[in-house]
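Reading through the structure tokens given below for one structure.
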Amino acid sequence: MHPPLDRPHPDCQQAVEDLRDCHDTRSFFRISACNDLKSQLDSCFKAEKVKLLKVLNKNMHEKRKEEEEAWADAAGHKKSFLEY
């Protein structure tokens, strides 16, 4: 399975269009006709996901530290678990 093809995929748009064209022009009974294009699309989506995760997790360590400090303040703990 692949993610929905209706949402924009700027890096993979050509692969999406190629797969749609293959599905439109090939017989339904010839199941393996578009396997190569599907494989290329999956590789493109994987690269797109890696790129997105790098952007989302860029400041992960700072965010985690801020969350731990906020939890400690809310719970009234002055020492961290390691210091305790």
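The values are calculated or read from the model by the stated rules, or taken from the named source; none is laboratory data. Small disclaimer: the values here were computed from a predicted structure and weren't measured. We place every Cβ from the backbone using ideal geometry, glycine too, and count neighbours over all the protein chains shown. Surface areas here come from the heavy atoms of the whole protein model, side chains and all, with no ligands, DNA or RNA. Shrake-Rupley method; radii C 1.70, N 1.55, O 1.52, S 1.80 Å.
Assess whether HIS77 counts as being over 16 Å from the mean Cα position of the chain (by Cα), part of a loop (DSSP other than H, G, I, E, B), surrounded by 12 or more Cβ atoms within 10 Å (Cβ to Cβ) and not hydrophobic (A, V, I, L, M, F, W, C). Criteria met by HIS77. When the stretch 45-72 is filtered for residues that are open to solvent by 100 Å² or more (accessible area, probe 1.4 Å) and within 19 Å of ASP18 (Cα to Cα), only LYS46 remains. Each residue in the stretch 15-28 was checked for being farther than 19 Å from LEU52 by Cα and assigned to a helix (DSSP H, G or I), and 9 pass.
Considering ASP42, ASP21, ASP36, which residue is open to solvent by less than 100 Å² (accessible area, probe 1.4 Å), more than 21 Å from the chain's Cα centre (by Cα) and at pLDDT 90 or above?
Details: ASP42 fails: more than 21 Å from the chain's Cα centre (by Cα); ASP36 fails: open to solvent by less than 100 Å² (accessible area, probe 1.4 Å).
Only one candidate passes the filter, namely ASP21.
Per this entry, LEU37 is counted among residues that are part of a helix (DSSP H, G or I), without any contact (Cβ under 8 Å) to a residue 40 or more places away in the chain, of a type in the set (A, V, I, L, M, F, W, C) and in contact with an Asp or Glu (Cβ under 6 Å, 6 or more places away or on another chain).
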